[in-house]
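Step one of this worksheet: look at the structure below.
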Amino acid sequence: MTDGQARRLWDGARRLARGARIVEIGSYRGRSTILLATAAPEGSEVVAIDPHAGNDRGPQQIYGSDEQGESDHRAFRANLDRVGVTEHVRHLRLPSGEALDRVEGQVDLLYIDGAHRYRFARDDIRAWGARVTPGGTLFVHDAFSSIGVTAALVRCLFFDRRFRYVGRERSLAEYRRTDLSARLLARHLLRQVGELPWFGRNILLKVAIAAPARPLQRLLDPSGEGWPY
């Protein structure tokens, strides 16, 4: 997560009313959890969903071990304790699909940063996105950067009249729950399609970094920002 993405999440949480519900899918070691819990208005509920199973921990870390998962869980708890937000966070150590029945009612802010493979990203957007209240906010990390996440966006959100594309901070996409007219739906679609060249650049950059192919990397990333988060 970049500083700009942290600011965007912070601002989203600060806009909420007292007693709001925030759901985060994919907490890892707690940086975004702490940010959301700190920014949330008094009386809000922050639900952090992460099985800490050792898998899907980051780029090129799809598969992991139980030991890595336990290490992540210990770090998550320690980080929340260190900052003093443990009592404001309800952690569900479950896969996101299994956690659906453990969270009642609608969600005012949903932040999805779970498994990036298409099936999992699609299911998170579909199942949890349906819980976002009218006027609520949906954030999706690694949008227009990960192939699986981007494919899920195309399938679930590009043509969905219930969500308006607000914009992005690098790979953090923001949507607002609303009812779109046909005219606004077309604008919503075109704005997302306009991100696809940036998506193509990101995929090529990842290949160049992994290869490594440094001349191509310098061409695609002259400022040296690195992995396209």
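The values are calculated or read from the model by the stated rules, or taken from the named source; none is laboratory data. These numbers were taken from a predicted model, which means no experiment stands behind them. Note: ideal-geometry Cβ built from the backbone for every residue, glycine included; neighbour counts use all protein chains shown.
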Across (1) at pLDDT 95 or above; (2) over 18 Å from the mean Cα position of the chain (by Cα), residue 68 clears everything bar (1)
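Conditions (1) out of contact with any strand residue (DSSP E or B) (no Cβ under 8 Å at 6 or more places or on another chain); (2) among the β-branched types (Val, Ile, Thr); (3) not assigned by TED's automatic domain parsing to the domain that holds residue 125, marked per residue:
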position	(1), (2), (3)
150	yes, yes, no
161	yes, no, no
177	no, no, no
182	yes, no, no
Out of the residues in segment 64-101 that are assigned to a loop (DSSP other than H, G, I, E, B) and not β-branched (Val, Ile, Thr), state the one that is surrounded by the most Cβ atoms within 10 Å (Cβ to Cβ).
95
Going through segment 145-179 one residue at a time, which ones are hydroxyl-bearing (Ser, Thr, Tyr) and in contact with a helix residue (DSSP H, G or I) (Cβ under 6 Å, 6 or more places away or on another chain)?
145, 150, 165
When the residues of segment 9-22 are filtered to those that are surrounded by fewer than 19 Cβ atoms within 10 Å (Cβ to Cβ) and of a type outside the set (A, V, I, L, M, F, W, C), which remaining residue is nearest to residue 140 (Cα to Cα)?
11
Within segment 85-95, identify whether any single residue is out of contact with any strand residue (DSSP E or B) (no Cβ under 9 Å at 6 or more places or on another chain), closer than 25 Å to residue 107 by Cα and without any contact (Cβ under 8 Å) to a residue 24 or more places away in the chain, and answer yes or no.
yes
Quick one: would you say residue 104 is over 15 Å from the mean Cα position of the chain (by Cα), modelled with pLDDT under 95 and more than 24 Å from residue 229 (Cβ to Cβ)?
yes
Look at segment 31-54 and say how many of its residues are of a type in the set (Asp, Glu) and in a strand (DSSP E or B).
1
Top-ranked residue of segment 200-219 - restricted to ones that are of a type outside the set (D, E, K, R), surrounded by fewer than 18 Cβ atoms within 10 Å (Cβ to Cβ) and assigned to a helix (DSSP H, G or I), ranked as farthest from the chain's Cα centre (by Cα):
215
Which one of these is touching a Gly at 6+ places or on another chain (Cβ under 8 Å), at pLDDT below 95 and outside the structural domain of residue 199 (by TED's automatic domain parsing): 58, 54?
54
